[in-house]
Amino acid sequence: MAFSPMAVLPAAAQSSIAPETVTEGLSYPWSVAFLPEGGYLVTERDGLLKHVSEEGDQSVVPGTPEVFAQGQGGLLDVVLSPDFETDRTIFMSFSQGSPEGAGTSLFRATLAEDGDGYRLQDGKTIFRANNRAYGGRHFGSRLAFAPDGSLFMTLGDRGDGPRSQDASDHTGSVLRLTPEGRPAAGNPFEGEAGHKPEIWSIGHRNPQSAAINPATGVLWTVEHGARGGDEINIPEAGKNYGWPVISYGRHYSGGKIGEGTEKAGMEQPIHFWDPSIAPSGMAFVTSELYPDWQGDLLVGALRGRHLSKLDLDGETIVSEVQLLGDLDARIRDVRQAPDGYLYVLTDSDDGQLIRLVP
């Protein structure tokens, strides 16, 4: 059953944090990954991949794919292979143009050292979703490796909600792929006529957050609603999450969406926001550097211009605290680094990578 919006607790009730700028001047950064040798990889929506040194110096990493940089489209998520220290492989999602319109694709490459910097080599687009449409809306797209080595990839509805109910269409779905970009074994629609074997779940609007809950090894996602109705979901194999038949939001015109807030055969979110915060990026906190945040969920807010900290009791949201409001910045991504520190990316033409120092 869905939880109604709750009162927001004062940030003063939590440990204090000091935002520390690692680098600035990024152009609409979308995602950050942490290199084991130190430093960061940051995607910029216009198509550049940047290496940021520990001192904050930026350099371009050549070898990225050609992107459809329009509206919400461009170079999107970046994650390291689970075996990165031995295979040096990275994965990036991006919006790719075609005569049939743009859709979300998956790119794989090897990160190689090039003198004092880095470059991508052996780059290849290993998966092209059929969520093709014209315009720059709702590509998704986050990537998250499951404990079994399969790769989850979230896709938006491309502004055409009814397509999210079609299991032959990647639009508005969560996919589960192999590291080679093929359907992972055991997917729910494997061998079923008229269904895409890559699909894990359907009925999503625009999930721009995805992370594996370290306590359970299970995927969680957060997706944009329309006017209200941003949702936290725990997508299960073969399940339908309702968009646009059910929703806790309304059309931007104020009109009703679909048939209401529930329908048999369609899943309920574990939490929703109304009004919308426009969520993007999420991380579970396990770090001992933030002792009273351990087990909490962090979600970036674009429209809300804050970082939402959600206190969890299993799969129940107990309370919410809004952090970083003083930055007055759109939070695009939030990650916990291997060294335990938390980082956020701000979404602007002068974007920042910020470390949260307790």
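Structure notes:
- Averaged over residues, the count of other Cβ atoms within 10 Å places the peptides 266-272, 218-224 in the sequence 218-224, 266-272, highest first.
- Whole-number percent relative contact order across the chain, with pairs defined as alpha carbons under 8 Å at least 6 apart: 16 percent
- For R182 and E315, the FRET efficiency from 1/(1 + (r/R0)^6), where r spans their Cβ atoms and R0 equals 41 Å, is about 0.85.
- Residues listed by number, segment 47-66, amide nitrogen under 12 Å from A337 label point at 7 Å toward C-beta: 52-57
- Amide H within-cut-off set for A210, under 5 Å, with H built and near neighbours excluded: V222, G281, M282
- Expressed as a whole percent, the accessible surface of segment 33-116 that belongs to carbon and sulfur atoms is 42, based on a 1.4 Å probe.
- Helix-derived mean residue ellipticity, 222 nm - over the chain, DSSP H n ≥ 4, -39500 (n - 2.57), to 500: 0 deg cm²/dmol
- Segment 166-262 - percent of accessible surface contributed by carbon and sulfur, probe 1.4 Å: 49 percent
- Contour excess over end-to-end distance, with Cα ends at S53 and E20 and 0.36 nm allotted per residue: 10.4 nm
- For segment 115-214, GluC sites (Glu not before Pro) are listed when DSSP marks them as loop and at most 14 other Cβ atoms sit within 10 Å of their Cβ; the list is E180, E190, E192.
- Mean Cα-pair separation over length for segment 93-148, i.e. relative contact order, pairs under 8 Å, 6 or more apart, %: 37 percent
- Normalised contact order of segment 236-288, rounded percent, pairs of Cα under 8 Å and 6 or more residues apart: 32 percent
- Stretch gain in nm, segment L327-V357, where the contour uses 0.36 nm per residue and the Cα spacing is subtracted: 9.3 nm
- Legend: P(r) of segment 226-358 from all alpha carbon pair distances, 10 Å bins from 0, whole percents, reading 12, 37, 33, 15, 3.
- Couplings 3J(HN,Hα) of segment 141-153, computed from phi: 8, 10, 10, 8, 7, 7, x, 7, x, 6, 10, 7, 9 Hz, in residue order, whole Hz [Karplus 6.51 cos²θ - 1.76 cosθ + 1.60, θ = phi - 60°; x for Gly and Pro].
- Reference-scaled alpha-carbon Rg (2.2 N^0.38 Å with N residues) for segment 121-253: 1.01
- The count of lysine pairs in the chain whose Cα atoms are under 24 Å apart, excluding pairs fewer than 8 places apart on the same chain, comes to 6.
- Computed over protein heavy atoms with a 1.4 Å probe, the accessible surface of segment 225-358 works out to 39 Å² per residue.
- Stretching A146 away from K256 to a fully extended chain increases their span by 36.0 nm, per 0.36 nm per residue minus the current alpha-carbon distance.
The values are calculated or read from the model by the stated rules, or taken from the named source; none is laboratory data. Fair warning: this is a prediction, and the values are worked out from it, not measured in the lab. Using ideal geometry, Cβ is built from the backbone for each residue, glycine included, and neighbour counts are taken over all protein chains shown. Accessible surface areas use protein heavy atoms only, side chains included; no ligands, DNA or RNA. Shrake-Rupley method; radii C 1.70, N 1.55, O 1.52, S 1.80 Å.
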